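*Asks:* Following this message is one structure expressed as structure tokens.
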Amino acid sequence: MKDSNSKKFVTIALLAAVALAGGGWALKSYLAAPQEEPVALAVPENASMQDRMKAMDEFRDKMRREDMTEEERRKLGESMRRFMEGEIQKRVDEYFNADPEAREAILDRHIDEMEEWRKAMEERRQKEEEERAKADEGKSEEEKEAEHEKERERWRDRMRSRSREERKADSETRNPNEMAQRMAYMSAMRKQMEKRGIQPPQWGPGGRGPGGRGPGGGPRG
């Protein structure tokens, strides 16, 4: 069971990394903000890694806004989930639509982009930890742990925000052929990463999301 769970988290991590590392971002969420202005995140297809990182920072900041209702936050998170699903499927389609002899090169390009994203996120995580350490100076261990636990609980609440009905609807509307291709793509990517001596990302219990936090700005644990 433990091995099965480990493989599950590796697969989830790979899927997220593949989606976030893609160069052609165009996420738009027409969610009404408290000022009735649309919330939108859009990054051109030729965007630099710095621009993509900035877009993720903007998204995370929106998710953490205190004046946003849980329903607004849920809708914004849902828009990100749909965006990531679309980005993953585009890469899976690119892989399977290519000639068999070209697929390894496609995987290598996807892996290189993912590694560039992971490196950038790790650098940001280190910077955030340094800033957090400075902010925590003078606080007792009890105070720091209480603040961190509050942040973790807020993240858990957000992860539970999707209703059981929404998750059930997703599972029922997924195309079985697309899901089978996605799993085959992820298996091929893991094998290619192992061939190149690259450790697949492992997020989940005991691990870290992008930059130590999930896309919505979850806690580092």
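The values are calculated or read from the model by the stated rules, or taken from the named source; none is laboratory data. Since the model is a prediction, treat every value here as computed from it, not as a measurement. When we count neighbours, we look across all protein chains shown, and the Cβ atoms used for this are built from the backbone with ideal geometry, even at glycine.
*Asks:* Report yes if residue 83 is of a type in the set (A, V, I, L, M, F, W, C) and either in contact with a strand residue (DSSP E or B) (Cβ under 9 Å, 6 or more places away or on another chain) or buried (at least 19 other Cβ atoms within 10 Å of the Cβ) (or both), otherwise no.
*Replies:* Values: of a type in the set (A, V, I, L, M, F, W, C): yes; either in contact with a strand residue (DSSP E or B) (Cβ under 9 Å, 6 or more places away or on another chain) or buried (at least 19 other Cβ atoms within 10 Å of the Cβ) (or both): yes.
In short, yes.
*Asks:* Additional query: Within region 87-96, is even one residue among the acidic types (Asp, Glu), in a helix (DSSP H, G or I), over 27 Å from residue 183 (Cα atoms) and at pLDDT below 85? Steps first, answer last, please.
*Replies:* So the first thing to find is which residues in region 87-96 are among the acidic types (Asp, Glu), and the list is 87, 93-94.
After this cut, where a residue has to be in a helix (DSSP H, G or I) as well, the list is 87, 93-94.
Next cut, over 27 Å from residue 183 (Cα atoms) only: none.
No: zero hits.
*Asks:* Moving on. With a cut-off of at least 3 residues that are modelled with pLDDT of 80 or more and under 15 Å from the mean Cα position of the chain (by Cα), name the helices (runs of 4 or more DSSP H) lying wholly within region 121-221.
*Replies:* Values: elements: 141-159, 164-173, 176-195.
Filter on region 121-221 gives an empty set.
*Asks:* A further question follows. So for region 1-16 (the condition being in a loop (DSSP other than H, G, I, E, B), at pLDDT below 60 and either among the hydroxyl-bearing types (Ser, Thr, Tyr) or out of contact with any Gly (no Cβ under 7 Å at 6 or more places or on another chain) (or both)), does at least one residue qualify?
*Replies:* So in region 1-16, the residues in a loop (DSSP other than H, G, I, E, B) come out as 1.
Going one step further and asking which of them are at pLDDT below 60, we end up with 1.
Right, trim to either among the hydroxyl-bearing types (Ser, Thr, Tyr) or out of contact with any Gly (no Cβ under 7 Å at 6 or more places or on another chain) (or both) and you get 1.
Checking region 1-16: at least one residue is in a loop (DSSP other than H, G, I, E, B), at pLDDT below 60 and either among the hydroxyl-bearing types (Ser, Thr, Tyr) or out of contact with any Gly (no Cβ under 7 Å at 6 or more places or on another chain) (or both).
*Asks:* Just one of (1) surrounded by 17 or more Cβ atoms within 10 Å (Cβ to Cβ); (2) modelled with pLDDT under 80 trips up residue 65, so point out which.
*Replies:* Looking at each condition in turn, residue 65 falls short on (1).
*Asks:* Quick check on residue 52: is it charged (D, E, K, R), at pLDDT 75 or above and over 22 Å from residue 154 (Cβ atoms)?
*Replies:* Working: charged (D, E, K, R): yes; at pLDDT 75 or above: no; over 22 Å from residue 154 (Cβ atoms): yes.
Answer is no for this residue.
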